[in-house]
Structures are given as C-alpha cells and as structure tokens.
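One structure is given below, encoded as structure tokens.
Here, each number is a calculation from the coordinates, and none is a lab measurement. On a predicted model such as this, the values are computed, not experimentally measured, just so you know. Here the Cβ positions follow ideal geometry from the backbone for every residue, glycine too, while neighbour counts run over all protein chains shown.
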Amino acid sequence: MRKLTSLFLILAATSAGAVDKDDAPGIETLMTPEDYSESGLDQLTPEQRRHLSEWVERYREGAVIGPVVQKPPSKMTKEEKVEAEKIKEQLNADIVAKVVPAFRGWSGKTIFRLDNGQVWQQRMAGSMRYKGPDNTVTIRRNQLGKYILTHDDTGRGIGVVRIE
C-alpha cells in the first residue's frame, strides 16, 4: 500500500503540464523495475494494468475522489448523549451575576467574586476603573473556548479564567 501511495505522489509531481490520455505514461513506466515488482504490479494482467493506468490518469485529472471515510457511530447511550448535551449547553451558556463586594474594574490579576459563588481571575493584561453603582457582569465563552467577562454598564470586557 505504501508503494501505491508513493506512486500517486510521483504521478502528482509529474503532472505539471496537461497530458493527453493517449500520451499518458503507463503505470509500468512510472516506477523503477524494483518498485514495480515489489508492489506486486507485475502480477496484474495486462487488462488490470491498463485499468489501473487509466484510473491513475483520472485521479490526476481530479475526476476521481478518494473514498469517504465515515465516522463510526457513537457508543454513548441515549442517557449519556442527553447528559453530554446538557453539559455542553451549560459550558456555552452566559453567566450573569453580580460582583461582590462592589465592582471597581480590573487591573493586572484582579479576582472577581460573584454572588453565585464562582470566583474568576483576570487572565489578560489591561485595566479599567469604575466607580458607578452597577455590579452586574456577564461571562461568556468566545469562539476559541476562552471566557470573557463583560461589565454590563460599560460594555467593556476582559479575558478571565475560573479559579473556584
């Protein structure tokens, strides 16, 4: 199988210019005699070699697409799938809470204690000062799976990581 893979790579490398099917080299001319023999191609009938040469040419032209590899079915039970979906939803759900005591912004490695018992810490550089009455923040996952804490009143956000 490794020899056939090598053959296809050789064919792809030699296909810089367009080749008429009549001028396309036969499979036996693309390999050294040793590789041709070791790959077992010398045991094919002339009809089988002709068919393989034609297939390789179609492959080079993009007319042949390799086999579609199907993902094996999940071995999870229905209950496990439901539970996994719940966990996924929880991970992606926004967390809306109040910072206790009063929210005063962030600087460096600020720790945010929330009224729901969670504790988050600033993970990105940056600072923001706040002296207003609103303690409400929203924490959500971004597309990279990292969490961003956004102060609802100012709309400003900072990367955070949960520590408790």
- Rounded to the nearest Å, what's the spacing between the alpha carbon centres of the stretch 35-107 and the stretch 118-164? Just the number, please. 35
- Residue by residue, what Karplus-based ³J(HN,Hα) values in Hz, rounded to whole numbers, does the stretch 45-59 have, using 6.51, -1.76 and 1.60 with θ = phi - 60° and x for Gly and Pro? 6, x, 5, 5, 5, 4, 5, 5, 4, 5, 5, 4, 5, 4, 4
- For a footprinting-style exposure proxy, rank Leu114, Leu91, Leu149, Leu44 by other Cβ within 10 Å, fewest first. Leu91, Leu44, Leu114, Leu149
- Message: If amide hydrogens are placed 1.01 Å from N in the peptide plane, which non-local residues have theirs closer than 5 Å to the one on Met124?
- Response: Gly159
- Message: Can you work out the Karplus-derived ³J(HN,Hα) for every residue in the stretch 94-109? Use 6.51 cos²θ - 1.76 cosθ + 1.60 with θ = phi - 60°, whole Hz, and x for glycine or proline.
- Response: 5, 10, 10, 8, 10, 7, 10, x, 4, 6, 10, x, 8, 6, x, 10
- Message: Give me Lys78, Lys86 sorted ascending by neighbouring Cβ count inside 10 Å, so fewest comes first.
- Response: Lys78, Lys86
- Per the C-alpha gyration tensor (a ≥ b ≥ c, the square roots of its eigenvalues), the stretch 71-116 is rounded if a/c is under 1.5, else prolate if a/b beats b/c, else oblate; here it's prolate
- Note on the structure: Excluding residues fewer than 8 positions from Lys81 in its own chain, the aspartates and glutamates with Cα under 15 Å of it are Glu89
- Message: Please list, in order along the stretch 77-85, the HN-Hα scalar couplings obtained from phi with the Karplus expression 6.51 cos²θ - 1.76 cosθ + 1.60 (θ = phi - 60°), rounded to whole Hz, x for Gly and Pro.
- Response: 6, 4, 4, 5, 5, 4, 5, 5, 5
